[in-house]
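These notes concern the structure reproduced below.
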Amino acid sequence: MSDRVYIFDTTLRDGEQSPGASMNTAEKLRLATQLEKLGVDVLEAGFPAASEGDFEAVSRIASKLEKTEVAALCRANKHDIDKAWGAVQHAVKPKIHTFIATSDIHLKYKLNMTRDEVVQAAVDAVKYAKTFTESVEFSAEDGSRSDRDFLCKIFGAAIEAGATVVNLPDTVGYAIPSEFAELAKYVIEHTPNMHKAILSIHCHNDLGLATANTLAAIGVGARQAEVTVNGIGERAGNTSLEEVVMALRTRNNYMPMHTGIVTENIYPVSRLVSMITGIIVQPNKAIVGANAFAHEAGIHQDGMLKNPMTYEIMSPESIGLNTSKLVLGKHSGRHALRSRLKELGYDLSDEELNTVFTKFKELADKKKHVVDEDLEVIVTEGVLRTAEIFTLEYLHVSAGTSVMPMASVELSINGRKVRGADWGNGPIDSAYNTIAKLTGTESELLRFTVSALTGGTDAQGEVTVRLRENGLVALGRGSDPDIITASVKAYVNGLNRLEYLKTHPVTDRQTV
Ligand SMILES: [Zn+2]
């Protein structure tokens, strides 16, 4: 059996189903490009039948990527498969990923179909997808709760119909590692013609076991892992890409397998995903959390100074942390900025570089050292969010112990400038009230978080908000050396995302 494990990234599809984590097309394209550089084998770009927005994003990603396989998800019916193919047909390597549920509980309460009907639907779907492309994956939704012999039967039928990958998902995050390994082993041993296809696994983290289950299945012969960056995804999320990849790399003595991931790009991609989804990585998150490589206890430090391997099982450099601590300042020129951005993975057009350079100079006037995290913020806010409806043009707040908190704000709404002022319980409340009036929106603020982007008292404040309006939920994120301004930027970003959701209705979300 080959020791190569294929990495199927679904950050843009399953990951985007995280509550509030919508991304616009520019952000998706940016992320897709970075995922290609990271070296994922397959990139699942979306579910084209879900909405026009999904279709367009998948189709643009398919046209842009140069070497990565681009997959589109579809249910096992002609309409969905046509949409999926319509969106990925221009990819260098297009893939159709079709699925149907196989557990008795889903058959009875969701599909209202018999097992034989489900097998027939799977076979028809794979055969139809095969008329478009050689590369077809079939998934048995709720696989971990399905009858094992039925799984082998449907996988065998799908392989005979032409599926090149069959995927065993733990859709509801229910499996236990030893049990899941046993199931994967059974499937490998009892599925007719299993040697003609790759067994893939797709786990969810409801019990915190997604990575463990994925590694357990790889241990018995599964050779594709479906993952997301930072483990984002529906409910408790998906298997995290960085955990699986670094476990295989760090414990290669125990699990002698390898992936095609350029691990030094893990940290920058993790940051990008967090920046554009607004989902902050928890500090104690394995591999990419802020504390993952921080050693504070004195006893550790002593040993660490003598030899880092005393307590460090992997080096920060191996995931792209600390590789180069280049700091830019107010005298840094355009050339230095361009080359640093290039190292961070941003290839900008001249026009985009001009925008970033102006904002960089503004920041360097306020802040002595401009570090990578600051540059990421400038690119995300200055380049990727350009097509937004609401833009903050001007903000003035007054607050303190003896004045009534008040804000005056100028926004541009689709290019048209509007101004207003209002009172509130504090400067942020005043600014939010003013903006709500100017935009005519009625969102409810569900959550508000402030953190610092880096160390130091001149660090940029980073604010995330969670907003709800008419049942739609969106996250917003903003950074600025001034936390009131950061709060307002986050609010405006959240409102833009709500507008995006209003104009890109999702008719049918699907889970695998
Ligand atoms: Zn899933």
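The values are calculated or read from the model by the stated rules, or taken from the named source; none is laboratory data. None of these values were measured; they are calculated from a predicted model. Every residue, glycine as well, gets a Cβ built from its backbone with ideal geometry; the counts of neighbours run over all protein chains shown.
Just for the stretch 211-242: of the residues that are away from the ligand (no atom under 16 Å from the Cβ) and not small (Gly, Ala, Ser), which one is farthest from the chain's Cα centre (by Cα)?
Checking each candidate, the answer is Val220.
Quick one: Arg13 ticks every box in (1) outside any loop (DSSP other than H, G, I, E, B); (2) buried (at least 23 other Cβ atoms within 10 Å of the Cβ) bar one, so which box is it?
It is condition (1) that Arg13 fails.
Return the pair list, or none, for Cβ contacts closer than 6 Å from residues in the stretch 216-242 that are closer than 18 Å to Ile176 by Cα to residues that are more than 16 Å from the ligand (Cβ to nearest atom) and among the charged types (D, E, K, R), at least 6 apart or on different chains.
Here the result reads Val220/Lys185, each pair linking the stretch 216-242 to a residue that is more than 16 Å from the ligand (Cβ to nearest atom) and among the charged types (D, E, K, R).
Take the stretch 16-41 and flag every residue that is β-branched (Val, Ile, Thr) and surrounded by fewer than 23 Cβ atoms within 10 Å (Cβ to Cβ).
The answer is Thr25, Thr33.
Could you say whether any residue in the stretch 372-387 is over 30 Å from Gly329 (Cβ atoms) and either in the same structural domain as Thr441 (by TED's automatic domain parsing) or modelled with pLDDT under 90 (or both)?
yes
Across the stretch 75-111, what is the number of residues that are more than 23 Å from the chain's Cα centre (by Cα), of a type in the set (Val, Ile, Thr) and assigned to a loop (DSSP other than H, G, I, E, B)?
Of the residues in that region, 1 qualify.
Could you list all residues from the stretch 379-402 that are among the small types (Gly, Ala, Ser) and either surrounded by 12 or more Cβ atoms within 10 Å (Cβ to Cβ) or within 35 Å of the chain's Cα centre (by Cα) (or both)?
Result: Gly382, Ala387, Ser398, Ala399.
Is the stretch 185-202 home to any residue that is surrounded by 18 or more Cβ atoms within 10 Å (Cβ to Cβ), over 21 Å from Glu44 (Cα atoms) and not hydrophobic (A, V, I, L, M, F, W, C)?
yes
Out of Gly476, Gly420, I need the residue that is more than 30 Å from Ala290 (Cα to Cα) and assigned to a strand (DSSP E or B). Which one?
Gly420
Are any residues in the stretch 239-285 under 23 Å from Asp374 (Cα atoms), part of a helix (DSSP H, G or I) and among the small types (Gly, Ala, Ser), and if so, which ones?
Of everything in the stretch 239-285, those that are under 23 Å from Asp374 (Cα atoms), part of a helix (DSSP H, G or I) and among the small types (Gly, Ala, Ser) turn out to be Ser270, Ser274.
Just the residues that are over 21 Å from Gly15 (Cβ atoms) and within 16 Å of the ligand (Cβ to nearest atom), please, taken from the stretch 156-181.
Scanning the stretch 156-181 gives Val166, Phe180.
In the stretch 78-98, how many residues are in contact (Cβ under 8 Å) with a residue 40 or more places away in the chain and more than 18 Å from Val165 (Cα to Cα)?
3
Answer with yes or no whether Asp422 is acidic (Asp, Glu), more than 22 Å from Ala387 (Cβ to Cβ) and either in contact with a strand residue (DSSP E or B) (Cβ under 7 Å, 6 or more places away or on another chain) or buried (at least 19 other Cβ atoms within 10 Å of the Cβ) (or both).
yes
Taking the stretch 323-361, which residues are loosely packed, with under 13 Cβ neighbours inside 10 Å, in a helix (DSSP H, G or I) and over 30 Å from the mean Cα position of the chain (by Cα)?
Within the stretch 323-361, just His335 meets the criteria.
List pairs: first residue in the stretch 113-124 and within 10 Å of Phe150 (Cα to Cα), second residue in a helix (DSSP H, G or I) anywhere in the structure, Cβ distance under 7 angstrom, at least six positions apart or on different chains.
Listed pairs, sorted by first residue: Arg115/Leu107; Arg115/Phe150; Val119/Lys153; Val119/Ile154; Val119/Ala157.
Being in contact with a helix residue (DSSP H, G or I) (Cβ under 8 Å, 6 or more places away or on another chain), among the small types (Gly, Ala, Ser), assigned by TED's automatic domain parsing to the domain that holds Val245 and outside any helix (DSSP H, G or I) narrows it down to one of Ser59, Ser22, so name that one.
Sole residue among the options that is in contact with a helix residue (DSSP H, G or I) (Cβ under 8 Å, 6 or more places away or on another chain), among the small types (Gly, Ala, Ser), assigned by TED's automatic domain parsing to the domain that holds Val245 and outside any helix (DSSP H, G or I): Ser22.
Looking for whichever is within 16 Å of the ligand (Cβ to nearest atom) and either in contact with a Pro (Cβ under 8 Å, 6 or more places away or on another chain) or not assigned by TED's automatic domain parsing to the domain that holds Ala247 (or both) here; the options are Asp54, Asp3. Which one fits?
Result of the check over Asp54, Asp3: Asp54.
Select from the stretch 6-44 the residues that are of a type outside the set (D, E, K, R), over 22 Å from Ala197 (Cα atoms) and within 16 Å of the ligand (Cβ to nearest atom) and list them in ascending order.
Thr11, Leu12, Gly15, Gln17, Ser18, Pro19, Ala21
Would you confirm whether any residue within the stretch 479-502 is buried (at least 19 other Cβ atoms within 10 Å of the Cβ), outside any helix (DSSP H, G or I), in contact (Cβ under 8 Å) with a residue 40 or more places away in the chain and not assigned by TED's automatic domain parsing to the domain that holds Val370?
yes
Suppose we keep only residues that are touching a residue at least 60 places away in the same chain (Cβ under 8 Å) and touching a Leu at 6+ places or on another chain (Cβ under 9 Å) within the stretch 182-210. Which one would you say is nearest to the ligand (Cβ to nearest atom)?
So the residue we want is His202.
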